Structures are given as structure tokens and as C-alpha cells.
Amino acid sequence: MAKGMIISFEGTDGSGKTTQIKALSEYLVNKGYKAQMLREPGGTKIGEEIRHILLNKDNTEMASLTEMLLYASSRAQMMEEKVQPLLNEGYVVILDRFFDSSLAYQSYGRNLDFDAVLAINLAAVKNIIPKITFFIDITPEQSLKRRKNATETDRLENEDMSFHYKVYEGYKQLLKRFPERIIRIDGTETPKEITKEIIKYVDIIMKEE
């Protein structure tokens with residue numbers, strides 16, 4: 001590819017995004033593509049510092065607007081410092097979360113204005129959107145069950161179930177808003193079956209390039 005592309009992964013915590021991102025990255029490298037994985041929030045030194053503020057469970061007084069702007073700030077730094085240079089070099093950049101997370105968590109979850117959240121985040125990423133986005137679908141109950149195995153939960157994971165349900169419903173609304181880009185993947189399937197499904201879609205878009 002002369003020009004790179006973004007493939008993003010979305011879903012609640014415990015959905016298996018990390019496993020699938022690694023599997024896809026290995027698949028693409030084995031096929032001869034250049035691939036780079038990055039996570040949000042984070043991905044850069046500044047972004048990781050913002051991540052610590054965002055996920056610190058002691059920061060319970062954080063305002064919703066502060067939260068949204070911090071996520072957008074981390075995203076802007078990653079786009080400037082990492083993503084855009086990689087795209088210019090022809091990389092497939094595989095993102096563990098992107099601006100759809102802010103739409104789900106801060107717009108639907110925190111009840112912030114959808115158009116405002118979208119506009120701020122599109123500005124943060126310079127209007128560069130993913131070629132395809134995979135939403136790995138598991139319910140909040142399934143997510144909670146999987147997260148119980150984690151050693152420690154962060155500030156957002158500690159929110160009550162009503163918040164997580166609003167986020168989940170938000171993701172389902174995003175599927176309806178952006179059907180040409182966001183693909184639903186059944187997160188209850190085995191990891192191998194999920195990988196096979198993702199690769200099927202990725203092979204199609206790679207042939208189009």
C-alpha cells in the first residue's frame with residue numbers, strides 16, 4: 001500500500017479486543033504488510049500521562065466534559081506523534097479504541113451532546129477515520145464477569161451498571177449510525193472463530209486498496 005490505513009477495535013472492557021488486535025497484527029505481518037498496534041488513551045509519553053489521570057480511580061470528582069476533553073487530547077497527541085507518520089509510511093495502524101469510544105462513553109454514557117463530542121474528536125484526529133471498525137459485542141454482565149478476573153479495576157470500570165448499559169446501548173446506536181464502517185462481531189464466540197471472522201473482513205478491504 002502506498003498509503004496506510006486505520007483499523008480500530010471497540011467494545012467494553014473484557015470483550016477480548018487485545019487478543020484480537022494481536023492476532024490481526026500477526027496475520028498482517030505474515031502477509032507482508034507493515035502493521036503497528038497502539039492503544040487509547042495512551043500510545044505516547046504525553047498520552048500515557050493523560051491515561052493515568054483518566055483511569056485513576058481516586059479521580060472520582062472528574063467532570064464529564066473534562067473527561068471527554070482529556071480523551072480527545074490524548075487522541076490528538078497520538079495522531080500527531082504516531083498515527084499520521086505511520087500512515088504516511090504505509091502502515092496498517094491497529095487501534096485499541098479510537099474516537100468511537102468517546103461517542104459511546106462520553107456522549108451516550110455521560111449524556112454529552114453527540115454532535116459536539118463528534119466535532120471535537122474529528123478535529124483531534126484531523127478528520128482521519130478508520131477504514132473499518134470492529135465492535136466486539138459482549139453484554140455489560142458478560143463484561144463484569146470477565147473483569148472480575150482482573151487484578152484491579154480502573155475509574156471507568158468502577159462505574160455502576162447503569163453507566164455501562166448506557167455505553168453498551170451507545171455502541172449499538174453507533175452500529176446504526178455508521179453501518180458502512182462499523183462491523184459487529186459476536187464476542188461470545190471462541191477467540192479463534194472471532195479472529196477468522198475479522199480476517200474475512202480485513203481480507204476484503206485489503207484487496208480494495
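Apart from one condition, Phe134 fits all of (1) crowded, with 19+ Cβ neighbours inside 10 Å; (2) without any contact (Cβ under 8 Å) to a residue 40 or more places away in the chain; (3) of a type outside the set (Lys, Arg); the exception is (2). Only one entry in Ile132, Ile50 is at pLDDT 95 or above and in contact with a strand residue (DSSP E or B) (Cβ under 6 Å, 6 or more places away or on another chain), namely Ile132. Selection over region 155-189 of residues that are more than 14 Å from Ser102 (Cα to Cα), modelled with pLDDT of 95 or more and among the small types (Gly, Ala, Ser) gives a count of 1. Across region 147-154, a minimum of one residue is classified as touching a helix residue (DSSP H, G or I) at 6+ places or on another chain (Cβ under 9 Å), assigned to a loop (DSSP other than H, G, I, E, B) and either surrounded by fewer than 18 Cβ atoms within 10 Å (Cβ to Cβ) or at pLDDT 95 or above (or both).
Assessment of region 161-176 against the conditions (buried (at least 16 other Cβ atoms within 10 Å of the Cβ) and closer than 29 Å to Pro85 by Cβ) yields at least one matching residue.
Scanning region 98-131 for residues that are in contact (Cβ under 8 Å) with a residue 60 or more places away in the chain and either surrounded by 22 or more Cβ atoms within 10 Å (Cβ to Cβ) or of a type in the set (Phe, Trp, Tyr) (or both) yields Phe98, Asp100, Ser101, Leu103, Ala104, Tyr105, Ser107, Tyr108, Gly109, Pro130.
The values are calculated or read from the model by the stated rules, or taken from the named source; none is laboratory data. Values in this document were obtained by computation on a predicted structure and should not be read as measured data. Cβ coordinates were reconstructed from backbone atoms using ideal geometry, including for glycine residues, and neighbour counts include every protein chain displayed.
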